[in-house]
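Data first, discussion second: the structure below is written as structure tokens.
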């Protein structure tokens, strides 16, 4: 399975850390990793969303009129699309309850009557990803930044990974193949850009500028667990697959943290899309590699 980076509870910011940052970590991937590690310990949501999530800790919400980029947010606050974003996040938060209910039901059913949990998880992940894409108000990218794959098995309430290792390995390999193809296409776009000797542009806030490199992101759904994975596009054939966290929907104590982690990863892919779509030259070059655009049911 993909390599999981070491975490450090004392790491507050890359500039404050004494750790060496791996060369395959793009700035956005590193920021995502740190936010996932610290979820629940710092604000991530806009103050205006607090009324819709009264049971969440107040520490998860920014104060009113904060002058900084909020990680989980609508790009166009105040319209109907923001409401859909809050709804999609709430569905992610309730996902664990649905998964555990289905697992409990399977305990009392014959094997041919048991219901898989992956479609339920995949549906809500896609719902949030679809909202994030619509919220950005840009055309779908020629080369996606997000892929969602799943196994197709039925699991009972006593599911554990070793019990279905074949399906787990297949799901991991399927996601790795997809992400490496996407990363290779993004790398070739960047190489063409560099070959054209385009003058570097000043990076936007939170952005990378012309000569930075992007990351691609994936969700591998196997039973009631979801691996959140990222891959740097600078050396896609050699970079390790980075497992940022594994969300376990059998644990009710993790429901909020699982929802936040999945939302953060999907929005990192959305922000990556938005960053590169704003550059017309990059968008034009990406069009040359549209054979890599895997527009099937599992990709965004």
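Full extension of the chain segment joining residue 47 with residue 108 gains 17.6 nm, where the gain is 0.36 nm per residue of separation less the Cα-Cα distance. One chain, two ends: residue 169 and residue 67. Fully extended at 0.36 nm per residue, the span grows by 32.3 nm beyond their Cα-Cα distance. Label positions at residue 23 and residue 127, each projected 7 Å from the Cα along the C-beta direction, are separated by 4.4 nm. If R0 is taken as 25 Å, the Cβ-Cβ distance between residue 59 and residue 87 corresponds to a FRET efficiency of 0.65. Gain on full extension, evaluated as 0.36 nm per residue between residue 94 and residue 79 minus their Cα-Cα distance, stands at 3.0 nm.
No value in this document is a laboratory result; all are computed from the given coordinates. Remember, it's a predicted structure, so these values are computed and weren't measured experimentally. Note: ideal-geometry Cβ built from the backbone for every residue, glycine included; neighbour counts use all protein chains shown.
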